[in-house]
Structures are given as C-alpha cells and as structure tokens.
Amino acid sequence: MRIVVLGGGVIGVASAYWLHAAGHDVDVVERREAAGLETSWGNGAIIHVSSVQPWAAPGVPMKVLKWLGREDAPMLLRPSAVPKMWRWGLGFLRAARPAQYQAGSLANLKLAMESAACMAGIREATGVQYDYAGHCVIKTFSDQGALDVATAEHLALASHGLETEVLSRDECVAREPALAPVAGKLAGGLGFPQDEVGDCSKFSQGLAAWLAARGVRFHYDTTVQDVVLKGGRVAAVRTSAGEIPADAVVVALASQSVPLLKRLGIAMPIQPVKGISVTLPRAVWPDGPRQAILEDSRKFALTPLGDRYRIVGSAEVGDESTTPSPVRIGALTAKVAELFPQLKDCEHMPGAISWAGLRPMVPDGQPRIGPTAIPGLWTNTGHGHTGWTMAAGSGRRLAELMGAGGLAERAA
C-alpha cells in the first residue's frame, strides 16, 4: 500500500517508521525544511510515563477560572477565547468528572508504557542519537500535603504498571546534589524509573534520515492543500508541489489537523494550547542539575538535555501564535529562579533560546488514533502534552489498526 503521512513532527515520523516496518510504501509531507521543527522542537524533553493523566482532572476547571486572564498563571485562559471554545469547554468539563478522568488516565498510561517499550526497540534497531538518558527524573514538592496526595495518586497506579519511588528530602538531595542549597524548601519528592529524557526534534530528524535511507520519501518545504477523493475514498494528496497518489492518508498535523479535516466534513475537537520553553547552554551553570526536576508548587520542569538545559512550565489558551510572550517567559523563569537563583533572568543569558509551540489538546486528553468516516483516511493527532511520550506507541498502534482494518480491505 502507498500511504501518505501528513506531518513531519514526531507523531508523523513515528507513524512512518511503523508503517514502513509493516512493509508499506510511505511518503511524508512536511511544510518545514526538516522534520521536528514545530511543536516537536521545544517541548520539555521528558518522556513522561508518570505524567500522562488528562489535564481535565477533577478540580482543574475551577483552577482555570481562578487563573482567568492572569499572565503569571501556569494555565492561562484568555477571556477572548471563551466564546470560540464553548463546545470544547463543555467536553473538558465532562472529562473532568472522576470516572471519566480515571478511565482516561488508565488508557493513557497503557499507551505510554507501550510507547516506552517501542522507544527502546527503535533505539536498538536504528541507533538514532537524541541525547537520551534514563532513570533521571524526579518531582520535588515544597508542600507535604501536596506530596501526600501525589504519592497516593501514583501508587494507586502501581497495579497498572506505573513505577514510583517515594523520596525523602535527603534522598532527593542525594540523587540530585544541586538541590542541597534549597533542601530546606523541600518536603520530599517522587522518582519515576520509567521516565526518560531526550531531544524530540533530534529524534524526529534522526529517525527521518534513517527512514529516508531505506526508501521512505520525505517531501519537505511542501504544504498540504487537500486530500483528493474518488468514489468517496482517498485517492491522492494535493500539495504545493503537485499530487501524490495514495491508497491511504494519515493526518498527523497536530493543531493543523483541524482545518484540513473540516474541509473533508470531519470535526476534530482540538484546541491549540500554547506552551513556551527556554533552552540554555549548560555552560551557564556547569554544576547544575543532572536529573530532570519537575517542581510541583512552582509548576516548572528543568531538564538537562545533552549540552543544554530546557525549562518549560506554561499553558495558554487564546493566543495561537508561535511567538513567545516576553511576559510569560519572564514569569516562567522567575519561578525557576525562586529555587535556583543561578538561573535568574536566564532568558537573557548568551545562547538562550525562547520558544513557543501549540499543543493539540482534545477535551478528554486522549489522542485520536484510528480511521475516519472516509475510507482510507486515518488520524494520529490530538496528543496535547503527551506527544513525545506517546509518539512511538501511537505510531505502532496506528500501523496495527491499519493492517487489521481498512488497508486489508483496500488491498483486496
């Protein structure tokens, strides 16, 4: 089968990997000059098996309302966005009910664990280098009550395969000596042996190069214009460089999936949620953390990534540009400096890169992987904050579904 994957981010490249492994003839269409240059570029760089719970959790809607319009809020909802997203918001409220949240958490955990196993297999099969590091993620807590709640939530998932280490204050410092000067501010922490660190963009580009050397065709600097249907089913993809024949099409365009699918009569409930990050040379703090640190009360993550640090910790609804707001960047780095004064105003340090990208969020936090109502048209999108975590597993799950379903029928 000739399958055209739309989107060269980590989801699209992972989809291409598994479809190629299944023996299909694969094209990937990407509007940028290389893979992994948009939402995949500046994320938190952590594969979070431990943190795949949907954002629509009990109590979160009230927090979002409390933070409404606050520039320093960890999750900022701009009032101007509310009228346009009322339908999405209702879905978010429904998904935040305890039973729905629990079901979504378990479904996401299963896919995240599958994905971690797939990542290990890809590393072994391809040798792709992407600043990988394992068993190096801890979450610190300043408040004992918050630590107790998080401990109970994570340990409750142990029977479903999640591994959690409960760490005292001293154990946090022993694991990460950079915490020693602020040990008095810590109640303790949690360690997550299944979590990993890696550069999502480097992985995407390395895997794309590996696939290209084995016959997968990557069409860079090429814009998707439409999916061509004949007899009610997929026949080709129309691009800025011409038509590409297709027996099947996979839409893996993150937030850009919405307008394409809408033209085809398919509603996809994706809300772009803006995230920001700051990437720094590790030379600015040579003795800084060796572990990735998730700080609970200040809502940031600081990740050592090869010769860099990556700082993330923001979500914004209502601004769909990919220009980082200096105010939001400053609010993020100010929270980091509360714990690590060595990084005060780090966004202005030499070599610092401020970045923004759009997470494709669905109300219930569960990605949309599978067939659409149009024969031959499939989706692998809507991963929100879990795209890097779930990419490899999502690609494999998609390839399995396509092999068992519509493609077999098309082959006949």
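The values are calculated or read from the model by the stated rules, or taken from the named source; none is laboratory data. This one's a predicted model, so the numbers in the text were calculated from it and none came from an experiment. A quick note on method: Cβ atoms are made from the backbone with ideal geometry, for glycine too, and the neighbour counts reach across all protein chains shown.
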How about region 213-258: which strands (runs of 3 or more DSSP E) wholly inside it have at least 3 residues that are of a type in the set (Val, Ile, Thr) and surrounded by 13 or more Cβ atoms within 10 Å (Cβ to Cβ)? 224-230, 233-239, 248-251
Could you grab me the full set of residues in region 276-299 that are more than 13 Å from residue 343 (Cα to Cα) and at pLDDT below 95? 296, 297, 298, 299
Where residue 33 falls short, out of the listed (1) under 17 Å from residue 200 (Cα atoms); (2) within 20 Å of the chain's Cα centre (by Cα): (2)
Residues within region 79-122 that are touching a Pro at 6+ places or on another chain (Cβ under 9 Å) and charged (D, E, K, R), tallied: 3
Just need a number here: residues in region 25-63 that are on the phi < 0 side of the Ramachandran plot, in contact with a Phe, Trp or Tyr (Cβ under 9 Å, 6 or more places away or on another chain) and either free of Cβ contacts under 8 Å to residues at least 24 places away in the same chain or in a loop (DSSP other than H, G, I, E, B) (or both). 21
Out of 331, 315, sole residue that is touching a residue at least 40 places away in the same chain (Cβ under 8 Å), in contact with a strand residue (DSSP E or B) (Cβ under 7 Å, 6 or more places away or on another chain) and of a type in the set (A, V, I, L, M, F, W, C): 315
Is region 321-333 home to any residue that is of a type in the set (D, E, K, R) and at pLDDT 95 or above? no
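Please enumerate the residues belonging to region 299-337 that are surrounded by fewer than 18 Cβ atoms within 10 Å (Cβ to Cβ) and either among the hydrophobic types (A, V, I, L, M, F, W, C) or in contact with a helix residue (DSSP H, G or I) (Cβ under 6 Å, 6 or more places away or on another chain) (or both).
Of region 299-337, the ones surrounded by fewer than 18 Cβ atoms within 10 Å (Cβ to Cβ) are 299, 306-307, 320-323, 326-327, 330, 334, 337.
Across region 299-337, the qualifying residues are 307, 327, 334, 337.
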Would you point out the residue of region 34-74, among those that are closer than 18 Å to residue 303 by Cα and among the aliphatic types (A, V, I, L, M), that is modelled with the lowest pLDDT? 52
Can you tell which of 11, 3 is surrounded by 18 or more Cβ atoms within 10 Å (Cβ to Cβ) and assigned to a helix (DSSP H, G or I)? 11
Failed condition for residue 84, given (1) in contact with a strand residue (DSSP E or B) (Cβ under 8 Å, 6 or more places away or on another chain); (2) without any contact (Cβ under 8 Å) to a residue 60 or more places away in the chain, with all others met? (1)
As an exercise: evaluate residue 78 against (1) within 23 Å of the chain's Cα centre (by Cα); (2) loosely packed, with under 14 Cβ neighbours inside 10 Å; (3) not hydrophobic (A, V, I, L, M, F, W, C) and give the number of the one condition it does not meet. (2)
Can you name every residue in region 143-192 that is of a type in the set (D, E, K, R) and within 20 Å of residue 298 (Cβ to Cβ)? 143, 148, 153, 169, 175, 176, 185
Qualifying position, being touching a residue at least 12 places away in the same chain (Cβ under 8 Å) and at positive phi, among 241, 254: 254
